[in-house]
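Trainee: Below is one structure. I have some questions about it.
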Amino acid sequence: MVVGDRLYLYTAHDEDKLINNFYTMVDWRCLSTKDMVNWIDHGVIFSLDDIE
């Protein structure tokens, strides 16, 4: 997503552990940049712990 002059990248974090033949996605992170060289890691924005 682009807001102004900043690009936000939302990524999934999969663990290398198969459950029912699928990798386990444990959380989602957000990173952002203004120049595609220097990145800011905004940390975990959503995780499996957020789901009941």
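Trainee: Give me the net charge of TYR23's neighbourhood, meaning all other residues with Cβ under 10 Å from the Cβ of TYR23; Lys, Arg count +1, Asp, Glu -1. Numbers along the way, then the final one.
Mentor: On the way: positive: LYS17; negative: ASP14, GLU15, ASP16.
Around TYR23, the surrounding residues sum to -2.
Trainee: Under 13 Å from the Cβ of GLY43, count the other residues' Cβ atoms, weight Lys and Arg +1, Asp and Glu -1, and hand me the total.
Mentor: Working: positive: ARG29; negative: ASP27, ASP41.
Computed value for this residue: -1.
Trainee: Which value, in Å² rounded to 10, gives the accessible area of LEU7 with a 1.4 Å probe and all protein chains present?
Mentor: Only protein atoms counted, so the area is about 60 Å².
Trainee: With the full set of protein chains in place, find how many percent of the accessible area of the chain is carbon and sulfur; take the probe as 1.4 Å.
Mentor: The C+S portion of the solvent-accessible surface of the chain is 56 percent.
Trainee: Next question, about the same structure. Could you work out the relative contact order of the chain, using alpha carbon pairs under 8 angstrom and six or more residues apart, expressed as a whole percent?
Mentor: Rounded, it is 29 percent for the chain.
Trainee: Further question on the same structure: Show me, for the stretch 32-41, the HN-Hα J-couplings you get by feeding each phi into the Karplus relation (A = 6.51, B = -1.76, C = 1.60, θ = phi - 60°), rounded to Hz, glycine and proline as x.
Mentor: Rounded to whole hertz, the list is 9, 8, 10, 9, 6, 10, 9, 10, 10, 8.
Trainee: Quick check on the chain: what does the Kirkwood estimate of hydrodynamic radius come out to from the alpha carbon pairs, in Å?
Mentor: About 12.5 Å for the chain.
Trainee: With a sphere of radius 12 Å drawn around the Cβ of ASP14, what net charge do the other residues whose Cβ falls strictly inside it have (Lys, Arg +1; Asp, Glu -1)? All intermediate terms of the calculation are to be shown ahead of the outcome.
Mentor: Working: positive: LYS17, ARG29; negative: GLU15, ASP16, ASP27.
For residues surrounding ASP14, the net value is -1.
The values are calculated or read from the model by the stated rules, or taken from the named source; none is laboratory data. Because the structure is a prediction, the values reported are computed rather than measured. Because the Cβ atoms are built from the backbone with ideal geometry, glycine has one as well, and the counts that use them run over all protein chains shown. Heads up: the accessible areas ignore ligands, DNA and RNA and are worked out on the full protein's heavy atoms, side chains in. Shrake-Rupley method; radii C 1.70, N 1.55, O 1.52, S 1.80 Å.
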